[in-house]
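Here the structure is laid out as structure tokens; the discussion comes afterwards.
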Amino acid sequence: MKKILINTTEVFKRVILTLILVLAVSFSEVSAQNDPVKLGFIPLTDCSPIVMAKELGLFKKYGVEVVVTKESSWANVRDKILTGELDGAHCLYSMPFSVYTGVGGKAGSEMKIAMMLNVNGQAITLSNDFCGKVGFKQMNKIAPVVAAKLKAEKEVTFAMTFPGGTHDLWLRNWMAIAGVSQKTSKIITIPPPQMVANMKVGNMDGYCVGEPWGGVAVKQGIGFTQIASQDIWKDHPEKALVVNKEFSEKRRTDLVKVMKAVLEACIWLDNPANRKKAAAIIGKAPYVNAPADVIENRLMGNYDLGCNQGTEVYAKDYMLFYKGGLVNYPRKSYAIWAMAQYVRFGYLKEAPNYKAIADKLILQDLYEEVAKSMKVKVPNDDMKPFSLTMDKTIFDPSNPEAYLKAVKK
């Protein structure tokens, strides 16, 4: 029988090396779990759930350390979430679908929606060139004025904040309802906090953005509110807590804690008695850096429209963050609607796999788990047909092709 010679020194080296590698991986995982969660936001009123969760000590309450950072643009937020520089952020709810389909980023790039943050509270602002020619919600007056301006100046420019983002979709739907051709009007991308300055120097004729930048334009006398987004679609989905894919998989426990803190902040924000305090805090320089009175007025539903149009009061359909849990549930039907708009407005030549993409990018089961643990109602209306307030065309999430045929007529 042959003797088997074993080099014990070599075996010992391999065992030690293996142990070192195992310990290194384990240590890195533990270290990652102990790292603060990095959340970004754009200076907009609806960043309030993230900011107030921090300011009210709710992240600490749920046992998670969070660092909140102000970002300069939605493209910057997208890049940082995808690379992991940010674990998550206050985002346009449609951004993950825009990025994944290649409309607003590299196709196939995954960003996950953990929960919704708010509904309503955006607006379309027109420059003073339109003042006296187009009034509040006078949709039939827009196209003739745009046509006259095109004839005189050869160009009409509107701005939104991110290709395929919510502001882009509200703007394009507004143009479609008004009968304004998107082929003859120029649409550009401008970060939210830069809208007012760009209108002031004449770089655009109108823009769609979240508050407070509609209200600020009115306060500075450089434009007026032609319509609020909730007039186009009452209780439309707006911002979401969007997270890095790896973070959602490897730090699920921390994500749940973050979601609980943010959900409690949303509940707090929906109490009108708290909105004055919220406006004072988020108006400060580290956050939105805008007049607290402008933020507060529109948070309370009091819209000074500008252009001598008086004040519009929104009693039940101003910016909402909770509404008994109806706001925060991430619906797949709204994802499908957003992607159908990409086909409708020419961003995509072929229909994407709507439901499969919604399933992939929305952490609906996780949200339901968090909501139930906090005794928050989970709606049962997902995937049911709906229509926009101004455009009565029925959208059935199970048959977006029928909707696309209807709106082309």
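Scoring V209 on the criteria (1) out of contact with any helix residue (DSSP H, G or I) (no Cβ under 9 Å at 6 or more places or on another chain); (2) of a type in the set (A, V, I, L, M, F, W, C); (3) within 26 Å of G40 (Cα to Cα) leaves a single failure, condition (1).
Restricting attention to the stretch 102-133, which residues are outside any strand (DSSP E or B) and either at pLDDT below 95 or crowded, with 24+ Cβ neighbours inside 10 Å (or both)? Listed by number, the residues that qualify are V103, G104, L117, N118, N120, G121.
Within the stretch 58-79, does at least one residue satisfy the condition of being buried (at least 24 other Cβ atoms within 10 Å of the Cβ), farther than 18 Å from A278 by Cβ and of a type in the set (V, I, T)? Yes, the stretch 58-79 contains a residue that is buried (at least 24 other Cβ atoms within 10 Å of the Cβ), farther than 18 Å from A278 by Cβ and of a type in the set (V, I, T). Candidates A402, A340, A371: the one that is in the same structural domain as M52 (by TED's automatic domain parsing) and either in contact with a helix residue (DSSP H, G or I) (Cβ under 6 Å, 6 or more places away or on another chain) or β-branched (V, I, T) (or both) is A340. Condition check for K245 on (1) over 24 Å from G88 (Cα atoms); (2) in contact with an Asp or Glu (Cβ under 7 Å, 6 or more places away or on another chain): one failure, at (1). Taking the listed residues V64, V145, the one that is of a type in the set (A, V, I, L, M) and under 28 Å from K260 (Cβ atoms) is V64, with no other qualifying. Selection over the stretch 308-352 of residues that are of a type in the set (S, T, N, Q) and either in contact with a Lys or Arg (Cβ under 9 Å, 6 or more places away or on another chain) or under 27 Å from W268 (Cα atoms) (or both) gives a count of 4.
Number of residues in the stretch 391-409 that are part of a loop (DSSP other than H, G, I, E, B), at pLDDT 95 or above and farther than 18 Å from E350 by Cβ equals 5.
Listed by position, the strands (runs of 3 or more DSSP E) contained in the stretch 154-232 that have at least 1 residues being farther than 21 Å from G306 by Cα and touching a residue at least 12 places away in the same chain (Cβ under 8 Å) are 186-189.
Take the conditions within 30 Å of P291 (Cα to Cα), of a type in the set (S, T, Y) and over 17 Å from the mean Cα position of the chain (by Cα) and apply them to T166. Does it pass? Criteria not met by T166. Between G214, G223, G210, the distinction of being more than 20 Å from A178 (Cα to Cα) and surrounded by 24 or more Cβ atoms within 10 Å (Cβ to Cβ) belongs to G210 only. With respect to (1) touching a Leu at 6+ places or on another chain (Cβ under 8 Å); (2) closer than 30 Å to P272 by Cα, the lone exception for M339 is condition (2).
The values are calculated or read from the model by the stated rules, or taken from the named source; none is laboratory data. Computed from a prediction, not measured in an experiment: that's the story for all the values here. Positions of Cβ are generated from backbone atoms using ideal geometry, with glycine treated the same way; all protein chains shown enter the neighbour counts.
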